[in-house]
Amino acid sequence: MKTVNLIDLFHRQVVKGRDAVALRHRRDGLWNTISWQRWEELSTSVAAGLLSFGLEKGESVALLARNSGSWMVSDVGILMAGGVPVPVPLGLTEEELAHVLADCRARVVICDCPYYLSKLMRACVAKAPGFDKVLLLNDECIIPAGPNKGDLLSLADLFEKDVPSWLIDFDEFLVYGEEQIPRFRGALDGLREADI
């Protein structure tokens, strides 16, 4: 009997819905739509990119981000790669954040913006969870809380010189992941039918 898992069910919906709108999300102040087909393509890019990083079946990937189209694409992509998505609440203290990341042993963190990236970096000084890569969804944001609430924060505010090699722009990661799909096509097809 064929195994049915979430990725197989998602793919069945893609076949049924193809060009129908699956997601509506706001980016750069504009509402955008993503079809079922495009969602699968983007998530497959995420999955191939994660596999190229050496993600193992059952390994955690942390999602330190607000709900968004990118969050949904990432969530499905993590599952497609055989990983375990670990949504991390944004309101955690630095100590709690360090504990969650260390406990789930995520080597990859998908992070919303520079504000949460700075929080992540401060949390890791106290208790290094040992992640290898951070995929950054947005390179600037409005500070949501604290004495500087409402100010604009960008990557340039966090890094005086070059951005570290462990930090990757999410849009660039999607392009990289798309290039990796042929290399991991067999693995991706196998995971869709696997007992995950």
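Tabulated data for the structure shown
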{"read-out": "The listed residue being within 19 Å of Ala187 (Cα to Cα), surrounded by fewer than 19 Cβ atoms within 10 Å (Cβ to Cβ), at pLDDT 95 or above and out of contact with any Leu (no Cβ under 7 Å at 6 or more places or on another chain), out of Ser43, Ser35, Ser52", "value": "Ser52"}
{"read-out": "Criterion (in a helix (DSSP H, G or I) and on the phi < 0 side of the Ramachandran plot) met by exactly one of Val86, Val100", "value": "Val100"}
{"read-out": "Pairs with Cβ under 6 Å, 6+ apart, first in region 154-170 and without any contact (Cβ under 8 Å) to a residue 60 or more places away in the chain and over 17 Å from Arg107 (Cβ atoms), second charged (D, E, K, R) and open to solvent by less than 30 Å² (accessible area, probe 1.4 Å)", "value": "none"}
{"read-out": "Within region 110-196, helices (runs of 4 or more DSSP H) holding 3 or more residues that are of a type in the set (D, E, K, R) and out of contact with any Leu (no Cβ under 8 Å at 6 or more places or on another chain)", "value": "170-192"}
{"read-out": "Filtered residue count, region 57-111, keeping only those that are free of Cβ contacts under 8 Å to residues at least 40 places away in the same chain, among the acidic types (Asp, Glu) and open to solvent by less than 50 Å² (accessible area, probe 1.4 Å)", "value": "1"}
{"read-out": "Test: residue in region 11-28 that is in contact (Cβ under 8 Å) with a residue 40 or more places away in the chain, within 30 Å of Asp132 (Cβ to Cβ), assigned to a helix (DSSP H, G or I) and out of contact with any Ser or Thr (no Cβ under 8 Å at 6 or more places or on another chain)", "value": "yes"}
{"read-out": "Residues within region 137-175 that are surrounded by 15 or more Cβ atoms within 10 Å (Cβ to Cβ) and within 20 Å of Val73 (Cβ to Cβ), tallied", "value": "10"}
{"read-out": "Out of Gly91, Gly77, sole residue that is farther than 29 Å from Val21 by Cβ and modelled with pLDDT of 90 or more", "value": "Gly91"}
{"read-out": "Output for region 162-196, where each listed residue is of a type in the set (A, V, I, L, M, F, W, C) and at pLDDT below 90", "value": "Val163, Leu191, Ala194, Ile196"}
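The values are calculated or read from the model by the stated rules, or taken from the named source; none is laboratory data. Just so we're clear, the structure is a prediction, and the values are computed from it rather than from any experiment. Positions of Cβ are generated from backbone atoms using ideal geometry, with glycine treated the same way; all protein chains shown enter the neighbour counts. Ligands, DNA and RNA are excluded from the accessible area calculation, which covers all protein heavy atoms including side chains. Shrake-Rupley method; radii C 1.70, N 1.55, O 1.52, S 1.80 Å.
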